[in-house]
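Let me begin by presenting the structure, written as structure tokens, before commenting on it.
Derivation of every value follows stated rules applied to the coordinates shown; laboratory data play no part. Since the structure is predicted, the reported quantities are computational estimates derived from the model, not experimental observations. Cβ atoms come from the backbone with ideal geometry, glycine included; neighbour counts cover every protein chain shown.
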């Protein structure tokens, strides 16, 4: 269930923690395994990570369901996580999310017909100074406007 390559990557993270603390690498391990499984985690893949890290399955499940950067259903090639916390909301996130949905022809939680882009509304991405903002895959885009969103999304296609 976890490839040899993924295990090698996870082992690099395990080595960063004290002996018998391999479970500390759970967040990176989940990220690595998610990347190899169509960018999503199933109960089986989460359990495989728990087994590899010698930790209780429920503990890995808690991490995988608490943080919004883990996907549990099919997502597009590019995942747009639009921050909807207070700073972003006060700076126009609601209107910008509507603009993005209209541009893509999908609602939050859906995937474009071509499978390229999915949109998620998330609680916080920790970049309040650049509000409103979103994250696409691992890159942040801050101080968003409708025009800036159009440019960024057009470049994804």
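A straight chain from residue 27 to residue 95 at 0.36 nm per residue would run longer than the Cα-Cα distance by 21.3 nm. If you average the C-alpha positions of the range 81-157 and of the range 1-69 separately, how far apart do those two centres end up, in angstrom? Their Cα centres are 27 Å away from one another. Mean residue ellipticity at 222 nm, helices only, the chain: -13000 deg cm²/dmol; runs of at least 4 DSSP H residues each add -39,500 (n - 2.57), and the sum is divided by the number of residues. Per the Debye calculation on the range 10-51 with a single equal scatterer at every Cα and no solvent contribution, log₁₀ I(q)/I(0) for q = 0.14 Å⁻¹ amounts to -0.30.
Calculated from the structure at hand, Kirkwood radius over Cα pairs in Å is found among (i) 16.3; (ii) 16.7; (iii) 17.5 as (ii). The mean sequence separation of alpha-carbon pairs under 8 Å and at least six residues apart, normalised by the residue count of the range 1-112, gives a relative contact order of 20 percent. What list do you get for 58, 4, 14 if you sort them by fewest beta carbons within 10 Å? So the ranking, lowest neighbour count to highest, is 4, 58, 14. Take every Cα pair under 8 Å whose residues are at least 6 apart in sequence, average their separation, divide by the length of the range 4-66, and the relative contact order is 29 percent. Between residue 114 and residue 86, the C-beta separation translates, for a Förster distance of 25 Å, into a calculated FRET efficiency of about 0.15. Summed over all non-identical Cα pairs, the Kirkwood treatment of the range 1-77 gives a radius of 12.3 Å. Each label was represented as a point 7 Å from its Cα along the Cα-to-Cβ direction; for residue 61 and residue 129 these points are 4.0 nm apart. Across the range 65-157 the C-alpha pair distances fall into 10 Å bins from zero in the proportions 18, 56, 26, 1 percent. Compute the FRET efficiency between residue 140 and residue 3 as 1/(1 + (r/R0)^6), taking r as their Cβ-Cβ distance and R0 = 25 Å, and round to the nearest 0.05. So the FRET efficiency works out to roughly 0.30. Between the helical axis of 57-66 and the longest alpha-carbon principal axis of the chain there is an angle of about 10 degrees. Compared with the alpha-carbon gap, the fully stretched path from residue 35 to residue 12 is longer by 6.6 nm at 0.36 nm per residue.
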